[in-house]
Amino acid sequence: MGDSDSDPTGADVLAVFDGVDDPREPLATSEVADSVGGAHRTVYDALDALAERGELRSKRVGSQARVWWRPRAASDDATSEHTGADQPTHSPSLADRNLIEQVLDASPVSIVVVDPSGDITFANERAEETLGLERAAITSRTYRQPDWNIYYDDRTPIPDEDHPVTRVLETGDPDYGFEHWIELPDGTERWLSSNSAPVTNDDGDIEYVVVGFEDATPLKEREDKLTSDKRRVVELSSEGLFAPFLDAADAPIRIDVDEVVTVTDGTALQYVTAEGISATALTDVFEGHVAVRDVRLLSSTEEGSRFELRVDQLTVPLLFDRLGGKVTSLVRATGDGPPTLTGELPGDVDPGTVIREARQIHPDIELVSQELRYTPRLLSDIVEAKLTSRQFAALRTAYYGGYFETPRTSTGDELAAQLDVTRQTFNQHLRKAEQAVFEQLFEASGKEAR
């Protein structure tokens with residue numbers, strides 16, 4: 001052991017741990033300094049260097065103090081040297097242990113190692129990034145709930161008894177596929193997916209629990225979007241928008257917007273269905289609208305009429321479409337109250353944004369009401385994600401243009417002309433779109449999942 005005239009060596013420091021009854025007993029920096037007779041700062045640097053090489057472990061205790069101890073494998077090696085016993089063939093060498101730590105550190109998956117007492121003894125670089133904490137801060141904690149703000153999808157905190165590490169320590173079996181929310185130090189939230197497995201010794205006792213986890217927040221957000229789409233239903237009023245329609249009708253009217261399809265030339269097709277107003281009167285109103293370039297009557301019956309409008313300027317339905325929403329009823333006047341325009345917007349779109357932009361079209365437009373709703377959109381979102389924009393436009397134009405009706409309201413040539421493509425190109429887009437829809441409808445997971 002070093003004397004007071006020279007700095008203690010790493011071997012001097014390790015000898016302090018090997019000299020106690022249990023080499024794995026944590027020792028404070030001051031205790032080691034007293035044993036080797038060295039300066040506190042010098043001994044701390046030696047301890048830190050040994051920890052960097054994997055020969056010691058360390059954690060902070062309280063706000064200032066730090067304790068150090070020999071890892072199990074290293075202390076077993078030291079015991080074998082002192083007793084003269086043969087080193088067990090299964091015990092990895094220091095070089096092997098360093099290699100293991102290097103591999104864990106380089107892993108693209110976040111990894112922490114927990115000992116049977118619940119202390120976190122190791123965290124790799126990826127874990128630091130995922131948890132938003134430095135390695136020293138992670139290894140100063142336990143895995144238990146008071147150290148982490150973790151909770152289920154319904155915001156219920158996860159009790160210690162339900163934690164996967166607890167289950168592994170109690171049963172000795174791995175625990176795979178555990179998912180939960182965690183609030184990071186900066187206040188952000190992440191959805192983590194973890195797998196936990198025990199590391200046992202020859203006697204079957206658990207020495208460590210290895211936890212691998214990943215940030216699954218993007219997948220969680222995608223899952224939530226596919227299964228439940230939050231929508232904001234708004235009602236608007238505008239005398240300037242409603243007056244031409246009300247003046248042309250003798251009874252309560254309803255004009256619904258079935259679909260809006262943006263065309264490559266910068267124009268858009270709006271498909272509308274009307275009740276309570278004659279097709280002739282409505283044609284005159286549409287033709288007199290400054291944004292409407294062309295009006296095509298698709299059908300007219302006693303129940304109502306359907307139109308295809310080509311617009312080349314911004315309209316309220318087109319504004320909603322650009323914001324990811326949809327106008328459902330352009331005009332709805334029932335006699336029970338003032339006429340309203342009803343539309344849906346993504347839940348995260350501020351209605352104030354719609355009002356400001358809509359006033360560029362109708363300066364008197366006002367918000368009457370708003371309500372958040374949750375609407376399943378699983379098949380619609382999957383199909384839209386599978387199609388190109390032109391395929392999806394062809395499918396919507398064909399559907400709302402009456403191509404699938406009997407008799408057909410629009411021919412393939414007419415729809416191709418509306419989209420400014422050849423009939424052959426329109427047919428190709430439509431067939432591919434139909435195939436994608438049928439695959440998702442009739443095959444449990446689609447072709448790509450097999």
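Enter the accessible area of LYS326 (Å², nearest 10), with the probe set to 1.4 Å and all protein chains included. Accessible area of LYS326: about 70 Å². ARG144 exposes around 80 Å² of accessible area when a 1.4 Å probe is run over every protein chain in place. Accessible area per residue (1.4 Å probe, heavy atoms of protein chains only) ranks ASP105, ASP413 as ASP413, ASP105, with the largest value leading.
Ordered by solvent-accessible area of protein heavy atoms (1.4 Å probe), largest first, the residues LEU14, LEU341 come out as LEU14, LEU341. Positive-end ranking of THR130, PHE426, ASN149 along the dipole of the chain, with charges on Cβ about the Cα centre, is headed by PHE426. Annotation: amide H of ASP258 within the under-5 Å range of TYR271, VAL272, THR273, sequence separation 5 or more or interchain, hydrogens built in the peptide plane. Spin-label pair ASP18-LEU246: with each label point 7 Å from Cα along the Cα-Cβ axis, the two points sit 9.5 nm from one another. If you sort SER193, SER278 by accessible surface, 1.4 Å probe, largest first, the order is SER278, SER193. Compared with the dominant principal axis of the Cα atoms in the chain, helix 389-400 is inclined by about 40°. Would you mind checking segment 108-139 for residues with the amide N under 13 Å from a putative spin-label position 7 Å along Cα→C-beta of ASN195? In segment 108-139, the label zone of ASN195 (backbone N under 13 Å from the point 7 Å along Cα→Cβ) covers 108-111. When the surface is traced with a 1.4 Å probe over the full set of protein chains, ILE206 keeps roughly 40 Å² accessible.
Taking all Cα pairs closer than 8 Å and separated by 6 or more residues, the relative contact order of the chain comes to 10 percent. For segment 405-420, putting each phi into the Karplus relation 6.51 cos²θ - 1.76 cosθ + 1.60 with θ = phi - 60° gives couplings of 7, 10, x, 5, 7, 10, 8, x, 5, 5, 5, 4, 5, 5, 8, 6 Hz, in residue order, rounded to whole numbers and with x for Gly and Pro. For Rg and Dmax of the Cα atoms in Å, the value calculated from this model appears in [x] 34.8, 109; [y] 21.2, 63; [z] 24.2, 87 under label [x]. Projecting the Cα atoms of LEU50, SER237, VAL211 onto the charge dipole of the chain (Cβ charges, centred on the Cα centre) puts SER237 farthest toward the positive pole.
In this calculation the C-beta distance from GLU170 to GLU221 is compared with R0 = 35 Å, giving a FRET efficiency of 0.60.
Here the Karplus relation 6.51 cos²θ - 1.76 cosθ + 1.60, evaluated at θ = phi - 60°, turns the backbone of segment 318-324 into coupling constants of 5, 4, 4, 4, 5, 8, x Hz, with x for every Gly and Pro.
Compared with the dominant principal axis of the Cα atoms in the chain, helix 72-83 is inclined by about 10°.
The values are calculated or read from the model by the stated rules, or taken from the named source; none is laboratory data. Small disclaimer: the values here were computed from a predicted structure and weren't measured. Positions of Cβ are generated from backbone atoms using ideal geometry, with glycine treated the same way; all protein chains shown enter the neighbour counts. Keep in mind that these areas ignore ligands, DNA and RNA; they rest on the heavy atoms of the full protein, side chains included. Shrake-Rupley method; radii C 1.70, N 1.55, O 1.52, S 1.80 Å.
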